[in-house]
């Protein structure tokens with residue numbers, strides 16, 4: 001194995017001989033230089049792994065040398081060493097992307113720590129993360145056999161996400177595969193839990209916050225003390241929220257994060273209409289038949305969210321100045337961002353942003369997106385890239401300047417489906433891959449939660465004999481006709497409508513402007 005090579009640049013290099021001997025005894029190779037110019041010449045000829053660079057030298061300064069090194073070796077870590085504690089010099093060095101900053105006199109252990117931090121960082125983190133997850137694995141396995149409340153499921157799911165995000169950054173694919181199998185096992189248990197408990201939530205005072213109770217229980221109490229921007233990002237999973245939380249931290253401080261549960265089906269026309277109406281789908285059909293459409297009816301299913309919301313506000317007794325915006329394209333997003341100052345007098349501005357849902361569907365339909373979002377890690381990365389470059393972030397930045405409270409949430413999540421489950425229905429059976437509603441459905445009972453009487457879970461029936469079935473785990477429904485083609489086309493795509501931790505347990509976040 002090749003030694004790690006250090007280039008140490010200091011006009012008083014002779015005084016550092018004990019440090020160099022210490023490093024050589026630790027099996028590092030050290031090349032020493034007396035000036036920045038000499039160092040630049042060495043870099044033309046030799047490969048080095050890291051540079052220790054004195055800031056105050058005759059000839060070209062340490063900062064000038066740093067800039068020239070970065071111009072030709074942008075990824076080479078440079079540790080700045082200086083006698084000065086001047087803030088300006090620190091800021092200039094940090095702005096030039098130094099790897100570390102040490103104040104003279106330095107001792108050998110400081111140097112060793114800096115080396116390990118910059119060169120062994122990934123390996124050390126990988127080893128520690130793997131060891132920590134191995135310890136946690138047994139605890140999660142025990143919890144899985146004992147968890148018996150929605151609160152415990154929400155905590156367990158967040159714990160699984162935590163480890164997934166930590167393990168995805170290390171090189172031990174074996175550990176990641178173990179976590180994936182643990183998530184699969186968790187969804188199997190979660191499906192049974194929902195089967196046994198979901199119907200009772202509509203009558204239980206100890207039920208979790210659900211789509212139709214979200215406004216009354218969590219949003220309404222937040223509207224009393226500050227003008228508010230409510231953003232509903234369609235189809236946003238908990239792990240996706242966590243990936244762009246850091247981006248928001250520059251502008252907003254998180255005050256509250258509460259996991260809540262999407263109703264079934266975990267699909268936009270049911271869950272998001274329930275959020276804005278404050279009603280179950282069954283009650284929407286009864287009270288607002290002019291706005292509600294069942295699956296097989298013609299026309300858009302989410303065209304009346306503003307009307308639903310206005311009706312809910314009236315029932316709630318809230319007298320607010322508010323506006324509603326639905327963003328389904330880049331052009332619409334840019335237009336709202338350019339004119340967002342016009343919202344400054346509103347008590348509440350509501351934005352529904354559809355990008356993540358479109359990303360999910362385009363993965364099914366477009367080969368290029370299938371490659372870009374091949375797995376959950378890539379799917380998260382693509383979501384983060386979108387958010388960082390989206391008009392939505394521009395809008396949120398403006399909201400912070402305007403002093404608006406920010407509430408960020410979603411209507412449901414999504415899951416990467418892997419295994420088909422055969423289903424047979426008539427021509428009026430709904431088309432969704434994770435749930436079906438219709439009459440005379442034939443299916444594998446072990447694969448689904450069945451609602452033979454939809455009214456018990458507050459869903460409308462298309463006709464008297466209609467029922468609902470919801471796919472569990474990572475299953476998707478496939479018809480026997482043209483089965484192999486259908487399975488090949490939809491396997492490893494992101495779908496929603498069924499029962500999984502990813503689809504049902506979703507984020508509600510309240511943030512205050514910094």
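The values are calculated or read from the model by the stated rules, or taken from the named source; none is laboratory data. Note that the coordinates shown come from a computational prediction; the quantities given were computed from them, not determined experimentally. Neighbour counts are summed over all protein chains in view; Cβ atoms, including those assigned to glycine, are modelled from backbone coordinates with ideal geometry.
Values for this structure:
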| read-out | value |
| --- | --- |
| Residue check for residue 407: more than 19 Å from residue 296 (Cβ to Cβ), in a strand (DSSP E or B) and assigned by TED's automatic domain parsing to the domain that holds residue 295 | yes |
| So residue 305, is it over 31 Å from the mean Cα position of the chain (by Cα) and in the same structural domain as residue 325 (by TED's automatic domain parsing) | no |
| Members of segment 306-329 found to be surrounded by fewer than 12 Cβ atoms within 10 Å (Cβ to Cβ) and in contact with a strand residue (DSSP E or B) (Cβ under 9 Å, 6 or more places away or on another chain), listed by number | 321 |
| Positions within segment 355-377 being within 14 Å of the chain's Cα centre (by Cα) and either modelled with pLDDT under 85 or crowded, with 16+ Cβ neighbours inside 10 Å (or both), in sequence order | 355, 356, 357, 359, 360, 373, 376, 377 |
| Residue that is farthest from residue 294 (Cα to Cα) [pool: residues in segment 437-455 that are within 33 Å of the chain's Cα centre (by Cα) and surrounded by fewer than 19 Cβ atoms within 10 Å (Cβ to Cβ)] | 446 |
| Matching option when the condition is surrounded by 15 or more Cβ atoms within 10 Å (Cβ to Cβ), over 24 Å from residue 218 (Cα atoms) and free of Cβ contacts under 8 Å to residues at least 40 places away in the same chain, among 290, 332 | 332 |
| Candidate set: segment 22-52, residues that are touching a helix residue (DSSP H, G or I) at 6+ places or on another chain (Cβ under 9 Å) and farther than 18 Å from residue 79 by Cβ; chosen: the one surrounded by the most Cβ atoms within 10 Å (Cβ to Cβ) | 37 |
| Residue in segment 461-473 that is modelled with pLDDT of 95 or more and either surrounded by fewer than 19 Cβ atoms within 10 Å (Cβ to Cβ) or over 30 Å from residue 287 (Cβ atoms) (or both) present | yes |
| The listed residue being touching a helix residue (DSSP H, G or I) at 6+ places or on another chain (Cβ under 6 Å) and within 15 Å of residue 104 (Cα to Cα), out of 12, 55 | 55 |
| Segment 1-21, subset more than 26 Å from residue 67 (Cα to Cα) and either surrounded by 14 or more Cβ atoms within 10 Å (Cβ to Cβ) or in contact (Cβ under 8 Å) with a residue 24 or more places away in the chain (or both), residue farthest from the chain's Cα centre (by Cα) | 18 |
| Among (1) part of a helix (DSSP H, G or I); (2) touching a residue at least 40 places away in the same chain (Cβ under 8 Å) - the single one residue 488 does not satisfy | (2) |
| Positions within segment 260-278 being within 22 Å of the chain's Cα centre (by Cα) and either closer than 14 Å to residue 350 by Cβ or surrounded by fewer than 24 Cβ atoms within 10 Å (Cβ to Cβ) (or both), in sequence order | 260, 268, 272, 275 |
| Any hit, segment 468-478, residues being part of a strand (DSSP E or B), closer than 13 Å to residue 265 by Cβ and without any contact (Cβ under 8 Å) to a residue 40 or more places away in the chain | no |
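Residue-wise test of (1) touching a helix residue (DSSP H, G or I) at 6+ places or on another chain (Cβ under 8 Å); (2) modelled with pLDDT under 85.
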site: 62; (1), (2): yes, no
site: 66; (1), (2): yes, no
site: 95; (1), (2): no, yes
site: 100; (1), (2): yes, yes
site: 106; (1), (2): yes, no
site: 123; (1), (2): no, yes
site: 133; (1), (2): yes, yes
